[in-house]
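Participant: Mind looking over this structure? Questions follow.
The values are calculated or read from the model by the stated rules, or taken from the named source; none is laboratory data. Quick caveat: nothing in here was measured; it's all calculated off a predicted structure. When we count neighbours, we look across all protein chains shown, and the Cβ atoms used for this are built from the backbone with ideal geometry, even at glycine. Note: accessible area is taken over every heavy atom of the protein model, side chains too, but ligands, DNA and RNA are not part of it. Shrake-Rupley method; radii C 1.70, N 1.55, O 1.52, S 1.80 Å.
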Amino acid sequence: MESTKRTYVSKLVHDLKPSGIRRFFDLAAGMEGVISLGVGEPDFVTPWHIREAAISSLEQGYTSYTPNAGLLGLREEIAYYMKTQFDVTYSPSEEIIVTVGASSAIDIALRTILDPGDEVIIVEPCFVSYVPMVELAGGVAVQVQALKENDFKILPDQIEAVITEKTKAIMICSPNNPTGTMLNKKELQGLADLASKYDLLVIADEIYAELAYDEEYTSMAAIGGMLERTILVSGFSKGFAMTGWRLGFVCAPVEISSAMLKVHQYGLMCASTMSQYAAIEALKNGRFDVEEMVKSYRRRRNYIVQSFNEIGLECHEPGGAFYAFPSIQSTGLTSQEFAEKLLLQEGVAVVPGDVFGESGEGHIRCSYASSLEQLQEAIKRIKRFIDSL
Ligand code: PMP
């Protein structure tokens, strides 16, 4: 028999593009003195009392699995938190599942609702995982572009134009990664009207909900009639500075959440037990910490947005999250060229906007979850870089 080398990797996975962010981390990793505005995580260490709750759970020997949906005590705290902070009501016993970060919440949501070929409308620029996660779940990602001239807010007409009989859901993220744009009640209402007109679900990634700087945050599920159509994804990574704990949650009407629980149960069993004990403490006693972190991010946002505009990189004011998304069009470079040259010439790592979708081209994503001193130094270097062009 003639021997041909067998390929073990599935075609679907083979064809997935590697994340464009990774390449810059790898480049930066081999260099010294780099200031990284590249990573999308808080620069705070998880507050001590939250860490202590995890340690105490270990001391008490709580080292077994929890129920698949998570500790009931944690789900009760999440239900109370969602009601008091965001005015949405979920049943802790039926409509909340504790997940392994917001990432696994998105994953189980997609795998639960998609039949092969079903379409999910994805608003770009967006978090780099959305499109691959839809594809891995057997769906088709239909990308629509939020535009700079609309402050990166998607218009309902743009979404309506791509709805087909196969559309199952619209996926949104507010405040957004990478643009920081936050949708207000009226803008959410426009999308909600479409969802109900075409009988669609909305997967609302609200992982940055705590980090809103100018206006009060509105959850998609709080819009009239949307509780039944929303799969609300959130978690502890950003607002509570708990990225490494891998803890998130997903809330949805019982028909969907009971189905998601099957996927979660077979794939992951449950989230980490000690992280769940830490999260109970975060929700019970972490409000002050969140508010202090928000104040600090707001100060840094104000500084970086003003500085970008002063040095000639036009930057809209992001309402939330911890990313600035300045335009680099005035330099005549593509976002890849800009990011690569800036890294090699001045040792500042940023993420080229095109990795987040077509309309991200011409921009760079800069995380301001770094100390003010680091941000000041980064701005000094970016200015020097621009002047050298
Ligand atoms: N959604 C968005 C928009 C994100 O930016 C991130 C993290 N970068 C995630 C989800 C994943 O969060 P987690 O760490 O909770 O899995």
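Participant: At a 1.4 Å probe radius, carbon and sulfur cover how many percent of the accessible area of the chain?
Facilitator: Details: 8940 of 17360 Å².
With neighbouring chains kept in place, the figure for the chain is 52 percent.
Participant: So for the chain, averaging the separation of alpha carbon pairs under 8 Å that are six or more residues apart and normalising by length, what relative contact order in percent results?
Facilitator: On the way: 730 pairs, mean separation 94.1, N = 389.
With pairs under 8 Å counted, the relative contact order is 24 percent.
Participant: What is the Cα centroid distance between the range 229-254 and the range 297-319, reported in whole angstrom?
Facilitator: The range 229-254 and the range 297-319 have Cα centres separated by 28 Å.
Participant: A follow-up question, please. Which value, in Å² and to the nearest 10, is the accessible area of D43 when all protein chains are kept and the probe is 1.4 Å?
Facilitator: Accessible surface of D43 is approximately 70 Å².
Participant: Using 0.36 nm per residue of separation minus the Cα-Cα distance, give me the extension gain between D87 and E358 in nm, one decimal. Spell out each step's value before the answer.
Facilitator: Working: separation 271, 0.36 × 271 = 97.56 nm, distance 3.47 nm.
Using 0.36 nm per residue and subtracting the Cα-Cα distance, I get 94.1 nm.
Participant: Considering only Y303, H316, Y90, whose Cα is most displaced toward the positive end of the charge dipole of the chain, charges sitting on Cβ of Lys, Arg (+1) and Asp, Glu (-1)?
Facilitator: Positive-most Cα among the choices belongs to Y303.
Participant: State in Å² the accessible area per residue of the range 242-289; use a 1.4 Å probe, count heavy atoms of protein chains only, and round to the nearest integer. Working shown, then result.
Facilitator: Working: 2060 Å² over 48 residues.
So the range 242-289 comes to 43 Å² accessible per residue, rounded to a whole number.
Participant: For q = 0.11 Å⁻¹, what log10 I(q)/I(0) does the chain give under the Debye formula with an equal point scatterer on each alpha carbon and no solvent?
Facilitator: Reported log10 I(q)/I(0), two decimals: -0.80.
Participant: Which cross-chain or sequence-distant (5 or more) residues have an amide H under 5 Å from the amide H of E119, H modelled 1.01 Å from N in plane?
Facilitator: For E119, whose amide H was placed from the backbone, the distant partners under 5 Å are V140, T167, K168.
Participant: S36's amide H: which non-local residues (gap 5+, or another chain) put their own amide H closer than 5 Å, with H modeled 1.01 Å from N in plane and none for Pro or chain starts?
Facilitator: Sorted by chain and number, the residues that satisfy this are A349.
Participant: Taking amide hydrogens as modeled 1.01 Å from N in the peptide plane, which residues meet the under 5 Å criterion relative to R365, leaving out close sequence neighbours?
Facilitator: Distant-sequence amide H within range of R365: V351, G353.
Participant: With only Lys, Arg, Asp and Glu charged, each at its Cβ (+1 for the first two, -1 for the last two), find how big the charge dipole of the chain is about the Cα centre; round to the nearest 20 debye.
Facilitator: The dipole magnitude comes to about 640 debye.
Participant: Compare the Cα positions of S57, I256, V144 along the charge dipole of the chain (+1 at Cβ of Lys, Arg; -1 at Cβ of Asp, Glu; about the Cα centre) and return the one farthest towards the positive end.
Facilitator: S57
Participant: Right, another one. Efficiency by 1/(1 + (r/R0)^6): what FRET value for L344 and N302, r their Cβ-Cβ distance, R0 = 25 Å, to the nearest 0.05? Kindly include the intermediate steps, with their values, before the conclusion.
Facilitator: Values: r = 30 Å, r/R0 = 1.19.
FRET efficiency, L344 to N302: 0.25.
Participant: Something else about it: Along the charge dipole of the range 266-354, which of A282, A339, M269 sits closest to the positive end, that is, farthest toward it, with unit charges on the beta carbon of Lys, Arg, Asp and Glu (+1, +1, -1, -1)?
Facilitator: The residue sitting most towards the positive pole is A282.
Participant: Mind ranking V100, V294, V13 by accessible surface for me, highest first, 1.4 Å probe?
Facilitator: Values: V100 40, V294 15, V13 70 Å².
Descending accessible area places them as V13, V100, V294.
Participant: When the Cα centres of the range 321-389 and the range 193-228 are compared, how far apart do they sit, in Å?
Facilitator: One Cα centre to the other: 30 Å.
Participant: A further question on this structure: From the phi of every residue in the range 245-251, what ³J(HN,Hα) in whole Hz does the Karplus formula 6.51 cos²θ - 1.76 cosθ + 1.60 yield, where θ is phi - 60° and glycine or proline is x?
Facilitator: The phi angles translate into 7, 6, 9, x, 7, 9, 10 Hz.
Participant: May I pose another question? Which whole-Hz couplings ³J(HN,Hα) result when phi for each residue of the range 173-189 is put into the Karplus expression 6.51 cos²θ - 1.76 cosθ + 1.60, θ = phi - 60°, listed in order with x for Gly and Pro?
Facilitator: Each residue of the range 173-189 in turn: 9, 9, x, 8, 9, x, 8, x, 5, 10, 8, 8, 4, 5, 5, 5, 4 Hz.
Participant: Tell me, what are the semi-axes, in whole angstrom and largest first, of the equivalent ellipsoid of the range 23-153 as set by the roots of 5 times the Cα gyration tensor eigenvalues?
Facilitator: On the way: eigenvalues 191, 135, 58 Å².
Each semi-axis is the square root of five times an eigenvalue, giving 31, 26, 17 Å.
Participant: If I take R0 = 51 Å and measure r between the Cβ atoms of D193 and E32 in this structure, what FRET efficiency does the formula 1/(1 + (r/R0)^6) give, to the nearest 0.05? Walk me through the intermediate numbers first.
Facilitator: On the way: r = 53 Å, r/R0 = 1.04.
Plugging the Cβ-Cβ distance into 1/(1 + (r/R0)^6) gives 0.45.
Participant: Starting from the range 301-336, pick out the chymotrypsin sites (Phe, Trp or Tyr not before Pro) whose DSSP state is loop and whose Cβ has at most 14 other Cβ atoms within 10 Å. List each step's numbers first, then the result.
Facilitator: Working: sites: Y303, F308, F322, Y323; in loops: F322.
Qualifying residues, ordered by number: none.
Participant: Reported to two decimal places, what Rg/Rh ratio describes the range 181-250 when computed on Cα atoms with Rh from the Kirkwood expression?
Facilitator: Numbers: Rg = 13.0 Å, Rh = 12.9 Å.
Over the Cα atoms of the range 181-250, Rg/Rh equals 1.01.
Participant: Right, something else. Report the semi-axes of the equivalent ellipsoid for the range 238-389 in whole Å, largest first, where each axis is √(5λ) for an eigenvalue λ of the Cα gyration tensor.
Facilitator: Working: eigenvalues 274, 79, 37 Å².
For the range 238-389, the semi-axes come out at 37, 20, 14 Å.
Participant: Using a 7 Å offset from the Cα along the Cα-to-Cβ direction at both Q376 and T334, what is the distance between the two label points in nm, to one decimal?
Facilitator: According to this spin-label approximation, the distance is 3.7 nm.
Participant: To continue, here is another question. Can you list which of the chymotrypsin sites (Phe, Trp or Tyr not before Pro) found in the range 2-78 are DSSP loop residues with at most 13 other C-beta atoms within 10 Å? Please list the in-between numbers first.
Facilitator: Details: sites: Y8, F24, F25, F44, W48, Y62, Y65; in loops: Y8, F44, Y62, Y65.
For chymotrypsin sites (Phe, Trp or Tyr not before Pro) across the range 2-78 that sit outside H, G, I, E and B with at most 13 neighbouring Cβ atoms in 10 Å, the list reads Y8, Y65.
Participant: Given a cut-off of under 8 Å on Cα pairs at least six residues apart, what relative contact order in percent is computed for the range 79-230?
Facilitator: Working: 218 pairs, mean separation 32.8, N = 152.
For the range 79-230, the relative contact order is 22 percent.
Participant: Follow-up. Run lengths n ≥ 4 of DSSP H only: what is the helix-derived mean residue ellipticity at 222 nm for the chain, with -39500 (n - 2.57) per run over all residues, to the nearest 500? The partial results should precede the final answer.
Facilitator: Numbers: 13 runs with 160 residues, N = 389.
Dividing the helical sum by the residues of the chain leaves -13000 deg cm²/dmol.
Participant: Quick check on the chain: of the DSSP beta bridges with both residues there, what percent are antiparallel, nearest 5%? If you can, show how the numbers build up before the last one.
Facilitator: Numbers: 14 of 35 bridges.
So the antiparallel bridges amount to about 40 percent of the total.
Participant: Something else now. Does the range 9-51 come out rounded, prolate or oblate, given a ≥ b ≥ c as the square roots of the eigenvalues of its C-alpha gyration tensor, rounded meaning a/c under 1.5 and, failing that, prolate meaning a/b above b/c? Show your work: numbers first, answer last.
Facilitator: Working: a/c = 3.75, a/b = 1.52, b/c = 2.47.
Since a/c reaches 1.5 but b/c is at least a/b, the shape of the range 9-51 is classed as oblate.
Participant: What FRET efficiency do you get for R287 and L12 if R0 is 45 Å and r is their Cβ-Cβ distance, rounded to the nearest 0.05? Spell out each step's value before the answer.
Facilitator: Working: r = 43 Å, r/R0 = 0.96.
In this case the efficiency is close to 0.55.
Participant: Please list, in order, the residues from the range 271-285 whose amide nitrogen is less than 20 Å from a point placed 7 Å along the Cα→Cβ vector of I55.
Facilitator: Residues 273-285 qualify, since their backbone N sits under 20 Å from the label point.
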